[in-house]
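Step one of this worksheet: look at the structure below.
The values are calculated or read from the model by the stated rules, or taken from the named source; none is laboratory data. Everything quoted here is computed from the prediction, not taken from an experiment. Here the Cβ is made from the backbone with ideal geometry for all residues, glycine too, and neighbour counts use every protein chain on show.
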């Protein structure tokens, strides 16, 4: 199981007192799939260090439509769940468990205090933040410049790689939540993919039949 020190390559550059403060206040937690861990900018959960499992971070539109911003896997750190520690960083992001997940939680106030003392930790945190913003900007580019059929093809291939299987146990509603669209839009496009021989649809399951064609379809310029 991953320990606190595994998440910070700059650990040896912190003072002994700072290391002790982190070790004394970090708390292991575990949640089941489907649990909500963080909900909106008013919920300052703390810094989450993922030991095992899978979390999903998403935003919700005023009409209730969801779109996935990024996933969190083993060794990932969730900063936006501690957004209250950075005055200019306020996001109404929800974090929920997609799988049974174990993580370490560092209280926001403790991390903020040490970050204010340590330029090394502040710089490392800024690097993490920049990486997450790159993920968000990549998503914006996908939405702006790629057609929905390309985005769906990309999602199916990424999901297959993530789950290490070509048979995906996922509903059309769940895909719609990931991609920020309506279930009916997903269903229509999946039926088109099926007609083209790229996938096979059964209840609650999408089987990728022709991965090569789906990959080519993903890269087609519209």
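A few points about this structure:
- Unique match (being at pLDDT below 95, surrounded by fewer than 13 Cβ atoms within 10 Å (Cβ to Cβ) and under 21 Å from residue 110 (Cβ atoms)) among 1, 42: 42
- Among the residues of the range 77-89, those that are within 17 Å of the chain's Cα centre (by Cα) and either modelled with pLDDT under 70 or in a loop (DSSP other than H, G, I, E, B) (or both) comprise 79, 83.
- Against the numbered list (1) surrounded by fewer than 18 Cβ atoms within 10 Å (Cβ to Cβ); (2) closer than 29 Å to residue 62 by Cα; (3) without any contact (Cβ under 8 Å) to a residue 40 or more places away in the chain, residue 147 comes up short only at (3).
- The residues in the range 210-222 that are part of a loop (DSSP other than H, G, I, E, B) and touching a residue at least 24 places away in the same chain (Cβ under 8 Å) can be counted, and the count is 2.
- The lone exception for residue 121 - which of (1) over 18 Å from the mean Cα position of the chain (by Cα); (2) not assigned by TED's automatic domain parsing to the domain that holds residue 81 it fails: (2)
- Cβ-Cβ distances below 8 Å connect the following pairs, each with a first residue in the range 124-135 that is under 13 Å from residue 71 (Cα atoms), a second residue that is in a helix (DSSP H, G or I), and a separation of six or more residues or different chains: 132/80.
- Listed conditions (1) in contact with a strand residue (DSSP E or B) (Cβ under 8 Å, 6 or more places away or on another chain); (2) in contact (Cβ under 8 Å) with a residue 40 or more places away in the chain are all met by residue 72, apart from (2).
- Selection from the range 175-192 of residues that are under 12 Å from residue 156 (Cβ atoms) and under 16 Å from the mean Cα position of the chain (by Cα): 175, 178, 179
- Once the range 157-180 is narrowed to residues that are closer than 18 Å to residue 209 by Cβ and in contact with a strand residue (DSSP E or B) (Cβ under 7 Å, 6 or more places away or on another chain), the residue that is surrounded by the fewest Cβ atoms within 10 Å (Cβ to Cβ) is 169.
- Criterion: exposed (fewer than 13 other Cβ atoms within 10 Å of the Cβ) and either at negative phi or touching a strand residue (DSSP E or B) at 6+ places or on another chain (Cβ under 6 Å) (or both) - qualifying residue of 183, 203: 203
- At least 1 residues being touching a residue at least 12 places away in the same chain (Cβ under 8 Å), touching a helix residue (DSSP H, G or I) at 6+ places or on another chain (Cβ under 6 Å) and within 26 Å of residue 163 (Cβ to Cβ) is the threshold, and among the strands (runs of 3 or more DSSP E) wholly inside the range 1-64 those reaching it are 36-39, 47-52.
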